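To start, the structure itself, in structure tokens.
Coordinate-derived values only; no laboratory data. Since this is a predicted model, take the numbers as computed values, not measurements. Cβ sites come from the backbone with ideal geometry, for glycine too, and all protein chains shown count toward neighbours.
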Amino acid sequence: MRLLVSYSQWMIPVSESALGEILREGSASRLLFSKDAAGTTRFFIFSDDEAYKRFSESSGDPLKQHFLTTKGTWVFRLPIDEIDFVAIDATSPHEIAYGKELFPRLKQMANAIEVEEALLELRTSDTPGKGLIPLVRDYQGYNIAILKTGEASQLGLAPDDKGRVLLAVFTHDDGFDAYSAESKRLRPESEVMQMNLPGASLFDQITKIKIDGVVFNCCGPARPVAFAQQFAQVIINA
């Protein structure tokens, strides 16, 4: 799911009028979907030209189609709640169909990846985009780890070969799961518990505890990003 949402070249079929809207206004309010005889609706997306060519030829009536090529973080946050399935590379050997019960998970992953990209840009760019700090601050899906050994509990820390105290923070469940697996390997006697924190609460707490910094997704699968503790105050003050 992470790989699908991270992909930046999804091809979405659009009508000719919608293509004109995109070219004029840079936005798309209308997307094409299919409804079969049973009333099931499918939103088709394709990973490349060959995937669409295979789909078109399988129908016995190859079509000339307009496409919007865009990144998965945009695709999987579209308002498609009334559609039954997102069909990826339909009729190919690797086709995938996500039912509507999975749409919230796709959207959650898209939100997480967008925040991860924002954190990386804030860490590496001399001129980060103006909207990145509010995006990071307002994200609701952060997690931290609590390590419990007997009656004692402590915050989960990121590994550091310089002896610094670095809080481990995760943007999605898969980041927490990777950390939990590593913690259980190194400290099998400890229970690893997950705590969700919205951004405003997380950064407020970071300013109040005795740490040297914070590492987002220290065990992957997203690229780890580290900041000094003062970063939290910057986020709060923005």
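Answer with a single label: of (1) -0.43; (2) -0.50; (3) -0.34, which was calculated as log10 I(q)/I(0) by the Debye sum over Cα atoms at q = 0.09 Å⁻¹ from the structure in view?
(2)
For the peptides 98-104, 215-221, 229-235, 123-129, what is the packing order when you average, over each peptide's residues, the other Cβ atoms within 10 Å and list the highest mean first?
Put in order of decreasing packing, that is 215-221, 229-235, 98-104, 123-129.
Which length gain, in nm to one decimal place, applies between ASP177 and GLU95 when the Cα-Cα distance is subtracted from 0.36 nm times their residue separation?
26.8 nm
Could you work out [θ]222 nm for the chain from helices alone, using -39500 (n - 2.57) per DSSP H run of at least four and dividing by all its residues? Round to the nearest 500 deg cm²/dmol.
Helices in the chain give a 222 nm mean residue ellipticity of -11000 deg cm²/dmol.
Where the only charges are on Cβ atoms (+1 Lys, Arg; -1 Asp, Glu), what is the dipole of the chain about its Cα centre, to the nearest 20 debye?
500 debye
Collect residues whose amide H, placed 1.01 Å from N in the peptide plane, falls under 5 Å from the amide H of ILE96; neighbours closer than 5 in sequence don't count.
Amide H neighbours of ILE96: ILE88.
What does the net charge come to around THR124 if you take all other residues with beta carbon closer than 12 Å to its beta carbon, with K and R at +1 and D and E at -1?
Summing Lys/Arg as +1 and Asp/Glu as -1 gives -1.
What order, most packed first, do the peptides 206-214, 107-115 have when packing is the mean number of other Cβ atoms within 10 Å of each residue?
107-115, 206-214
Could you list TRP10, TRP74 so that the one with the fewest beta carbons within 10 Å of its beta carbon is first and the one with the most is last?
The order, fewest Cβ neighbours first, is TRP74, TRP10.
Pop a pseudo-label 7 angstrom from the Cα along the beta-carbon direction at both TRP74 and ASN237 and give the gap in nm to one decimal.
Calculated label separation equals 3.5 nm.
At 0.36 nm per residue, and after removing the present C-alpha to C-alpha distance, how many nm does the segment from SER47 to LEU155 gain when stretched out fully?
Going from the current span to full extension adds 34.8 nm.
Give the peptides 159-166, 45-52 in descending order of average Cβ contacts within 10 Å, highest first.
45-52, 159-166
How far, in nm, would the chain grow between ARG164 and GLU16 when pulled straight, counting 0.36 nm per residue and subtracting the alpha carbon separation?
47.6 nm
Take ASP126 and GLU191, extend 7 Å from each Cα along the Cα→Cβ direction, and tell me the distance between the two endpoints in nm.
For the pair ASP126/GLU191, the computed spacing is 5.1 nm.
Here is the link list: LYS107/LYS208; LYS148/LYS210; LYS71/LYS100; LYS71/LYS184; LYS130/LYS184. Which ones come out longer than 28 Å on Cα distance?
LYS107/LYS208; LYS71/LYS184; LYS130/LYS184
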